[in-house]
Structure formats: structure tokens, C-alpha cells
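Notes follow the structure.
The values are calculated or read from the model by the stated rules, or taken from the named source; none is laboratory data. Note that the coordinates shown come from a computational prediction; the quantities given were computed from them, not determined experimentally. All Cβ positions, even for glycine, are placed from backbone atoms using ideal geometry, and neighbour counts span all protein chains on display.
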Amino acid sequence: MSRYISVNVDVDLSDFDTEDLVEELDARGHFKEAKPYTIQRSLLDKIFHLRREGKDYEKELDEYLYIVTGRAI
């Protein structure tokens, strides 16, 4: 015998932090092509600092674009 119970729960997305949401999407297979958000964010931070310091960031930018779009430049 099976019994199903339905429960309504009020949840706001602001109750979850970004990392929790990214982990859930990753577990559901929504990041097959792209790396997790934290790696993208750290690479973007690196590009920002290199650019701010006037250093070459072309390699990092190419890597970031590949991660996000799945296309090599």
C-alpha cells in the first residue's frame, strides 16, 4: 500500500546562498560543459587584478571565455 502526502512550504530563494544553488544545479547536471561557478569567479577575479595591474591577461580571458561559452578562440 502506498500513501502520498502533499505539503506546501513557503521558501524564498534568498534563503539559499549562491553556492547552495550552484551545487544543486550541478547535481542536476546543468553544468555539463561549464566548470562550477567558484572556478569561473576566481578566474574572473584573476583577470580583473591582472588588468588592473596593467599585466597581460589574454590567456586567462581566453580560458574564461572557453569555460563560459564552450568555444575556443
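Assorted remarks:
- Residues within region 34-73 that are part of a loop (DSSP other than H, G, I, E, B) and more than 21 Å from V22 (Cα to Cα), tallied: 8
- Scope region 1-51; condition touching an Asp or Glu at 6+ places or on another chain (Cβ under 9 Å), at pLDDT 90 or above and over 16 Å from Y66 (Cα atoms); matching residues: L50
- Tabulated pairs, region 1-28, first closer than 19 Å to R41 by Cβ, second of a type in the set (S, T, N, Q) and in a helix (DSSP H, G or I), C-beta under 8 angstrom, 6+ apart or interchain: E19/T38; V22/T38
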